[in-house]
Amino acid sequence: MSFSMSAQKVDLSYYLPKDVTYNQNIPTPKSIIGHEVGEWHVTHDKLVTYMKALAASSDRIALEDRGNTFEDRPLLLLTITSTKNHDNLDKIRENHIDATNNNTIDISKNPIVVYQGFSIHGNEPSGSNAALAVAYYLAAAEGPEVDDLLKNTVILFDPSFNPDGLQRFAYWANTNRSKNINPDPNDREYTEIWPRGRTNHYQFDMNRDWLPVQLPESKARIASFHKWLPNILTDHHEMGSNSSFFFQPGIPSRTNPLTPQMNQDLTKEMATYHAKALDKIGSLYYSEESFDDFYYGKGSTFPDINGSIGILFEQASSRGHAQETVNGVLTFPFTIRNQFTAALSTLEAARKMRTKILQYQQDFYKESRNSGANKAIVFGDEKDAATSYHLAEVLKRHQIKIHEVKADFIENGKMFKKGYSYVVPMNQKNQRLVKAMFDVRTQFTDSLFYDVSAWTFNHAFGVDYAENISLSKAGNEILDLKMKEGVVSFKSDYGYLMPWNEYYTPKALSEILQKDLRAKVSMKNFKNGGNSYEYGTIFIPVQNQKLNRLEMFQFLQKIAKESHVSINGVTTGLNDGIDLGSNNFSNISKQKVAMLVGKGIAGNDSGEIWHLLDQRFDMAITRLDMSYFSRVDISKYTAIVVPSSSNLGKNAEEKLKTWVQNGGTLIGYKKTAKWLAKSKFISLEFDKTKMDTINDVSFENKSLKSGAQYIGGAIFEANVDRSHPINFGYKNEKLALFRNSTLFIKADKKSYNNPIQYTSNPLLSGYISKENAKVIKNTVPFKAQKLGKGRVIVFTDNTNFRAFWYGTNKLLMNAIFFADKM
């Protein structure tokens, strides 16, 4: 079946309310971008062009460029309100924020602030395409109701949460569009190529980054959020093509217990406005049956812990221009119209519920200020200032007050050192957000989660942490957070030692090796010049190098500064313990790293690894696509990383096996571990969850029982052998690990082959079923074995999860640099 686009009657009037007049001086989308809304998928550059044209022609709109994406696309924000409000906007914002700090302020005459955001997943494009029509309406619509809306509302309008993903998907949909639209779901238009347009440049799902704030797009919108503290934030998404339209509330039992009940009550009242508007145009919809408000890193949930109301909209996706579904042919314009309708129903709810919602926000912060304990939390790592800094950086992005440590102190056996640790008072306005970030939870009312069940930040960053600390431990508040500067202690004629504890040591080591300088790694602890050095310390000798002594010193000064590491000059090779000339200092080879990508490889996981090496450590990583892998000479690569994949195929198996046997290091994650074992790269014994007899579970609830066996994302504790190269740089005997798989590897009979092993009661935070909890104890998340001259290394789970698991990033880097010592 095919039909022409004209049959869909694509016309701006299809979306707009009929009982409104429009200012003829405001340009329509078609007059600027050259096509009607929904006729083609709007590319981000055209979306930007139209928003700039609107801002230039309407005194209701102010345009802000808040920075760029990884692909240098602008991150625009439109502030839309009445002309009179624009003349007084700074004062309006000041009054709005003041009301969250002082419960005696009268909020009854204040405008309500609504943040409307679209298409954080780039291949869910109806949101950003609807933004064209919504922005036009807000700029051009005339009449008393529109005037009242603009008088009493400040709209923060974010037309594209994900510019890079939107551009990627629009290119796909448009280049595969036929003149006669073919709605057959088998058509190429509806099946994107890897990695698809959902994610940003580095393949991150940005709707998980509202709390960690690691990506440039997130940093821009979180800055806007905290600048204004909007009362409502909407997040326009898409879902499966055979669905209808969803608006919140989600499943009530899956709401985070830190979210006030009034938040959900107001969400439910707002839902009546969405229902009424969708009823008017005859669209099907539902709520409270799916999705949840548990993880605060999502756009529709993050506002809930910040005194705001987050609203998720999910529209059935045409995933192109029109697609056959169980509900008939779903056209792209229809999906846009539903999103447009929900955007306007949100503003109608805001207008009608303005005072009630403003009062809720004021009450939220009043209670927050009054319920915070007169104590503090402290976190840090006495040997890794950079990781501690990056966690402090997240708190600062969320307007959380942090202090330096007044003086070094010990708590729970851990040293909290000045310059390496931070104190967070709990008697502050945002203490609820602090609680949410460091929340530990192992008991739940529901066993199913839309996303992770744990994200405890001290575990994610791998820092030491203590609660209920006296405020007397706090020094000055940190207003200008700065990372510790790297230094070289002095110019040496003998050599230099670099402890491996600091986060950016892999970056420093990579640059040293790329300069063709010789470096060695210590396999034992020792002391030199009164300083203690641990396993993994890097030694750079001065003699017989391509740089002379002064050049070496100057080069290492540059490295230390750029990587924020301390490098110590030494005057002697005579140590307490192994001497610097010992064979227990092992040579480190220059690394050339590749990674398999493409069809059959986990996109998010591969993007996280790419981002880690490219952005954090400035290391080149060659991405080898499976579509041409068979034709590539891989002999020049020292390490190849394989993100999760269930089957690489026979040709890849033979090629990789020969390469490993000749000395390569193969690093496999998650499902790849199972494939490597099956393909006899590595010998692994897996344990399986044993399901008890299932009684008293109805047919209706069978999916709930099976779903409860899935580990959606929880945190577990492992014992570590710090003498093993995989653990170089870790100072503690235990390590927190994220996992979202049910891949359980039995421990080896030889303890030294289990350098990372889950404890007998490993759950630190999050949900795990009773069945899985029995199996995971004492299993291992890591294995390394020889194969010929090379090494095969496997991890059961992602050590680089969502860019904020700083605490386990070093495991991958150790596998890359030190595999031949394992």
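The values are calculated or read from the model by the stated rules, or taken from the named source; none is laboratory data. Bear in mind that the values here come from a model prediction, so they are computed numbers and not experimental data. All Cβ positions, even for glycine, are placed from backbone atoms using ideal geometry, and neighbour counts span all protein chains on display. Only protein heavy atoms, including side chains, enter the accessible area calculation; ligands, DNA and RNA are left aside. Shrake-Rupley method; radii C 1.70, N 1.55, O 1.52, S 1.80 Å.
So GLN167 fits all but one of (1) assigned to a loop (DSSP other than H, G, I, E, B); (2) within 30 Å of GLN615 (Cα to Cα); (3) open to solvent by 10 Å² or more (accessible area, probe 1.4 Å); (4) among the polar types (S, T, N, Q); what number is the exception?
Result: GLN167 fails condition (1) only.
Note down all Cβ pairs under 7 Å where the first residue falls in the stretch 477-492 and is farther than 19 Å from THR387 by Cα and in contact (Cβ under 8 Å) with a residue 60 or more places away in the chain, the second is assigned to a loop (DSSP other than H, G, I, E, B) and open to solvent by 80 Å² or more (accessible area, probe 1.4 Å), and they're at least six residues apart or on different chains.
Qualifying pairs under 7 Å: GLU477/LYS401; SER492/THR571.
Quick check: anything in the stretch 627-637 open to solvent by 80 Å² or more (accessible area, probe 1.4 Å), under 27 Å from the mean Cα position of the chain (by Cα) and in contact (Cβ under 8 Å) with a residue 24 or more places away in the chain?
no
Restricting attention to the stretch 521-536, and to residues there that are assigned to a strand (DSSP E or B) and buried (at least 20 other Cβ atoms within 10 Å of the Cβ), which single residue is farthest from the chain's Cα centre (by Cα)?
Ranking the qualifying residues of the stretch 521-536, first place goes to ASN528.
Look at the stretch 40-66 and say how many of its residues are buried (at least 21 other Cβ atoms within 10 Å of the Cβ) and not aliphatic (A, V, I, L, M).
Number satisfying all stated conditions: 5.
Would the stretch 383-392 turn up any residue that is modelled with pLDDT of 95 or more, under 26 Å from ASP293 (Cα atoms) and assigned to a helix (DSSP H, G or I)?
Checking the stretch 383-392: at least one residue is modelled with pLDDT of 95 or more, under 26 Å from ASP293 (Cα atoms) and assigned to a helix (DSSP H, G or I).
Within the stretch 195-215, can you find the residues that are in contact with a Gly (Cβ under 7 Å, 6 or more places away or on another chain) and open to solvent by less than 30 Å² (accessible area, probe 1.4 Å)?
Listed by number, the residues that qualify are GLY197, THR199, ASN200, TYR202, GLN203, PHE204, ASN207, ARG208, ASP209, TRP210, LEU211, PRO212.
When you scan the stretch 591-609, how many residues do you find that are among the small types (Gly, Ala, Ser), open to solvent by 30 Å² or more (accessible area, probe 1.4 Å) and in a helix (DSSP H, G or I)?
Residues in the stretch 591-609 being among the small types (Gly, Ala, Ser), open to solvent by 30 Å² or more (accessible area, probe 1.4 Å) and in a helix (DSSP H, G or I): 0 in total.
Assess whether LEU612 counts as being at pLDDT 95 or above, buried (at least 20 other Cβ atoms within 10 Å of the Cβ) and not in a helix (DSSP H, G or I).
Here the answer is no, as LEU612 does not meet what is asked.
Identify the residue in the stretch 67-88 that is surrounded by fewer than 17 Cβ atoms within 10 Å (Cβ to Cβ) and in contact with a strand residue (DSSP E or B) (Cβ under 7 Å, 6 or more places away or on another chain) and, among all such residues, is farthest from PRO111 (Cα to Cα).
ASN68
Please return the ranges of strands (runs of 3 or more DSSP E) entirely within the stretch 414-470 where 2 or more residues are of a type in the set (A, V, I, L, M, F, W, C), within 20 Å of GLU382 (Cβ to Cβ) and open to solvent by less than 10 Å² (accessible area, probe 1.4 Å).
Answer list for the stretch 414-470: 421-425, 464-469.
For the stretch 638-658, name all the residues that are within 21 Å of the chain's Cα centre (by Cα) and exposed (fewer than 14 other Cβ atoms within 10 Å of the Cβ).
Hits for the stretch 638-658: nothing passes.
May I ask you to list the residues in the stretch 746-787 that are open to solvent by less than 50 Å² (accessible area, probe 1.4 Å), under 26 Å from LYS657 (Cα atoms) and not in a strand (DSSP E or B)?
ALA747, ASN754, PRO755, PRO781, listed by residue number.
More than 27 Å from SER224 (Cα to Cα) and either open to solvent by 60 Å² or more (accessible area, probe 1.4 Å) or part of a helix (DSSP H, G or I) (or both): is that true of ASN374 in this structure?
yes
When you go through SER128, SER160 one by one, which is the residue that is assigned to a loop (DSSP other than H, G, I, E, B) and in contact (Cβ under 8 Å) with a residue 24 or more places away in the chain?
Answer to the selection: SER160.
Residue-by-condition table, conditions (1) in contact (Cβ under 8 Å) with a residue 40 or more places away in the chain; (2) under 31 Å from the mean Cα position of the chain (by Cα):
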{"site": "LYS546", "(1), (2)": "no, no"}
{"site": "GLN554", "(1), (2)": "no, no"}
{"site": "HIS564", "(1), (2)": "yes, yes"}
{"site": "ILE578", "(1), (2)": "yes, no"}
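Filter the strands (runs of 3 or more DSSP E) completely within the stretch 289-356 down to those with at least 3 residues that are at pLDDT 95 or above and of a type in the set (A, V, I, L, M).
Strands (runs of 3 or more DSSP E) meeting the threshold: 309-316.
Among the residues of the stretch 182-194, are any assigned to a helix (DSSP H, G or I), open to solvent by less than 10 Å² (accessible area, probe 1.4 Å) and over 27 Å from TYR15 (Cα atoms)?
There is no residue in the stretch 182-194 that is assigned to a helix (DSSP H, G or I), open to solvent by less than 10 Å² (accessible area, probe 1.4 Å) and over 27 Å from TYR15 (Cα atoms).
State which residue is most open to solvent (accessible area, probe 1.4 Å) when the search covers only the stretch 728-745 and only residues that are outside any strand (DSSP E or B) and either within 20 Å of GLY668 (Cα to Cα) or in contact with a Pro (Cβ under 9 Å, 6 or more places away or on another chain) (or both).
THR742
Say we look at the stretch 377-399 and pick out the residues that are hydroxyl-bearing (Ser, Thr, Tyr) and open to solvent by less than 10 Å² (accessible area, probe 1.4 Å); which of these is farthest from the chain's Cα centre (by Cα)?
SER388
Take the residues in the stretch 63-73 that are assigned to a strand (DSSP E or B) and under 20 Å from the mean Cα position of the chain (by Cα), then tell me which one is nearest to LEU166 (Cα to Cα).
Per the stated criteria, the residue is ASN68.
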